[in-house]
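Heads up: the structure comes next, in structure tokens.
Values quoted throughout were computed directly from the atomic coordinates according to the rules given, and no laboratory measurement underlies them. All values derive from a computational prediction rather than experimental measurement. Methodologically, a virtual Cβ is constructed for each residue, glycine included, from the backbone with ideal geometry; neighbour enumeration extends over all protein chains shown.
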There are 2 protein chains.
Amino acid sequence: MLSGSAQYALRAVAYLAGHDADKPVRAVELAEAVDVPANYMGKILHRLVRAGILKSVRGMHGGFELAIPADQLSLRVIVSQFDHRGEGRKCLLGRDECSDDDPCPTHERWGQVSQKIDEFFGTTTVADLID
Amino acid sequence: MLSGSAQYALRAVAYLAGHDADKPVRAVELAEAVDVPANYMGKILHRLVRAGILKSVRGMHGGFELAIPADQLSLRVIVSQFDHRGEGRKCLLGRDECSDDDPCPTHERWGQVSQKIDEFFGTTTVADLID
DNA sequence: TGACATTATCATGCGATTATCAAAAATGTA
DNA sequence: TACATTTTTGATAATCGCATGATAATGTCA
């Protein structure tokens, strides 16, 4: 369903949300917690920084912290940095011509399922990920 | 949501289902209908043959036809030849330890959505794809 | 200032998916 | 038999996500 990077990002952000604010968490610690190669974790975190989802602090006692309150940060925002599901693409079969006006036979049936997915990612927040 | 190959396969099978049985359709015709490179279409069709979903006829007036009645052929069977969504993998976050017994915080919420998806692919048949 | 910790960035390799090209095998037909 | 047609198969390339490693940039602290 989600790419590896997107899953790692969610796990990392969830870990951050479960920690004290104003106490940055280092990339290596996050990598350990998420079980991802440290260097790769760094890249993922940096992408989240550029997207404005995290703040980074360099130097000693540096690390990463949330730039947005956990309960205002939807999973969609995070996932969309890595996966591009549902951006412009709507038809299950990948038909170019398929639209609400000129639907393919399963357009409506799939639309209902697709909407459930969108709803989930749109309304679930990082706060919901904390144990 | 689906890989390119899976989408092509679905479109091709849908096209086949909309044609007379016992009249094989050539790979090039399918490729044109589906808008996929002809050689690549051939590969996809062959995979469906090996999976027992299609029958192939070689030589003049040859081509491909359904090996299973359209209304008994679920989308899941086709898609699973190319994508491996949901086979063993259940947790949205990709956690190894996550299970029904030891669930992650969104396990249930996501489980409901996930079940809708499974239901769709399991109960929708190729007959439903015909215009 | 200088030493060090930590993120930011660049360059590269690996593997899977997607795609192309062409030769080989099978089948019907003249 | 010889030929045209069509699937089957293998070799190869392009592309992308995943991952690694090294180096640069930037901040803290003594």
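The Cα atoms of region A:60-124 cover 58, 20, 14 Å along the three principal axes, with the biggest extent listed first. Summary of packing: across the peptides B:62-72, B:7-17, A:93-103, the per-residue average of other C-beta atoms within 10 Å ranks them, highest first, as B:7-17, B:62-72, A:93-103.
Taking a ≥ b ≥ c as the square roots of the eigenvalues of the Cα gyration tensor of region B:8-78, is the shape rounded (a/c under 1.5), prolate (a/b larger than b/c) or oblate?
Here region B:8-78 falls in the rounded category.
Only the Cβ atoms of Lys and Arg (+1) and of Asp and Glu (-1) were treated as charged; on that basis the dipole of the protein assembly as shown about its Cα centre amounts to roughly 940 debye. Dipole magnitude for region A:3-67: about 300 debye, using +1 per Lys or Arg Cβ and -1 per Asp or Glu Cβ, origin at the Cα centre. In a DSSP loop and with at most 16 other Cβ atoms within 10 Å, the trypsin sites (Lys or Arg not before Pro) in region A:48-81 are A:Arg58. For A:Asp102 and A:His46, a Förster radius of 41 Å and the Cβ-Cβ distance give a FRET efficiency of 0.45, rounded to the nearest 0.05.
The smallest convex shape that holds all Cα atoms of the protein assembly as shown, its convex hull, gives 143 Å³ per residue.
Could you tell me whether region B:10-51 comes out rounded, prolate or oblate from its Cα gyration tensor? Rule is a ≥ b ≥ c as square roots of the eigenvalues, rounded for a/c under 1.5, then prolate if a/b exceeds b/c, otherwise oblate. Note, shape of region B:10-51 comes out oblate.
The C-alpha atoms of chain A define a longest principal axis, and helix A:38-50 lies at about 70 degrees to it.
When only Cα pairs below 8 angstrom with a gap of at least 6 residues are kept, chain B shows a relative contact order of 32 percent. Other residues lying with their Cβ under 13 Å from the Cβ of B:Ala9 contribute a combined charge of +4, Lys and Arg counting +1, Asp and Glu -1. Remark: region A:18-131 carries a charge dipole of roughly 500 debye about the Cα centre, counting +1 on each Lys and Arg Cβ and -1 on each Asp and Glu Cβ.
Volume per residue of the convex hull around the Cα atoms, evaluated for chain B, comes out as 116 Å³.
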